[in-house]
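J.: Supplied in structure tokens, the structure appears directly below.
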Amino acid sequence: MSLPLMANHPTLSARRVDGLLDWAQMLSGVCLIGFMWAHMILVASVNIGPDVMNAIAEFFESTRMVQVGGPLIFLLFLAHFLLAARKIPFRLEGQKTIWEHAKMLHHTDTWLWVVQAVSAMIILVMGAIHMWVVLSDLPITAAKSAARVQSGAWVFFYMALLPLAELHVGIGLYRIAVKWGFVQRSGRKGLKRGENLLTLIFLLIGALTLIRFWFLKG
Ligand code: HEM
């Protein structure tokens, strides 16, 4: 008799584990946001000059940060997805319910969650391909990156990955601040505005970097 009830009410330890996993999801997200900001700025050093980007890449490779840190970032990226995937409905039935609720609620934050879940799945595949291609072709140099951006469909690949990653980072930071109570309800509007501005700045930096790679001669 009590079985259905128990299924709807997780035990205390199950709730504790869920809380811990929520923390891990948030912390891995914060680390990845920090990584993405650093990554965008470091790669953008090519705008100052290819030699500057080469010197930075050399530093990170001579200290083994790329060879060791790169795969670690990949694992963190994977762990973050698996932690978040607990809440993504992979069955059609669940997806329909979320879609109906989002339409019914007219609530921006519910829509942001939908954007976050959809972009996550695309970034998972594209980010993994990107990391594999870059890390399996070391050392990183401006000339090699430029040649890649100018070859095949890579420029379109980055033109898709850039806005998806920046959107995901921007919404992620906003959701962390709201969910973990770093901002009150009254501060949400200002936070959203600040977040949008930050996303726009990183989009501009990324676009400028892609243009620089496109015109860079080998
Ligand atoms: C260890 C991890 C990573 C390394 C070493 C790395 C390195 C690089 C390098 C060298 C470039 C220049 C273009 C090229 O060589 O093809 C680049 C570009 C780019 N990367 Fe990464 N990357 C890493 C992870 C990521 C992740 C996780 C994302 C997003 C999910 C990402 C998004 C991008 C984007 C959008 C560009 C295009 C350039 C721009 O718009 O600034 N990267 N990355």
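J.: Round to the nearest 10 and give me the degree value, 0 to 90, for the angle of helix 50-62's Cα axis relative to the longest principal axis of the chain.
T.: 60
J.: Rounded to the nearest 0.05, what FRET efficiency do HIS130 and TRP23 give with R0 = 30 Å and r taken as the Cβ-Cβ distance? Could you check?
T.: Here the calculated transfer efficiency is 0.60.
J.: Okay, moving on. Cross-chain or 8 or more residues apart, Cα under 19 Å: how many lysine pairs in the chain fit that? Count them up, please.
T.: 6
J.: I would also like to ask the following. When the chain is modelled as a GNM with alpha-carbon springs shorter than 10 Å, which of LEU203, LEU72, LEU173 fluctuates the most?
T.: Of LEU203, LEU72, LEU173, the most mobile in the Gaussian network model is LEU72.
J.: At a 1.4 Å probe radius, carbon and sulfur cover how many percent of the accessible area of the chain?
T.: 73
J.: Another question, then. Picking from ALA38, ALA24, PHE60, whose Cα lies most toward the positive end of the charge dipole for the range 3-215 (charges on Cβ: Lys, Arg +1; Asp, Glu -1)?
T.: Farthest along the dipole direction, towards plus: ALA24.
J.: Now, a different point. Once you list every other residue whose beta carbon is under 14 Å from the beta carbon of MET26, what net charge do they have if Lys and Arg are +1 and Asp and Glu are -1?
T.: +2
The values are calculated or read from the model by the stated rules, or taken from the named source; none is laboratory data. Predicted model only: the values in this text are computed from it and were never measured. Every residue, glycine as well, gets a Cβ built from its backbone with ideal geometry; the counts of neighbours run over all protein chains shown. To get the accessible areas, we keep the full protein, side chains included, count just its heavy atoms, and leave off ligands, DNA and RNA. Shrake-Rupley method; radii C 1.70, N 1.55, O 1.52, S 1.80 Å.
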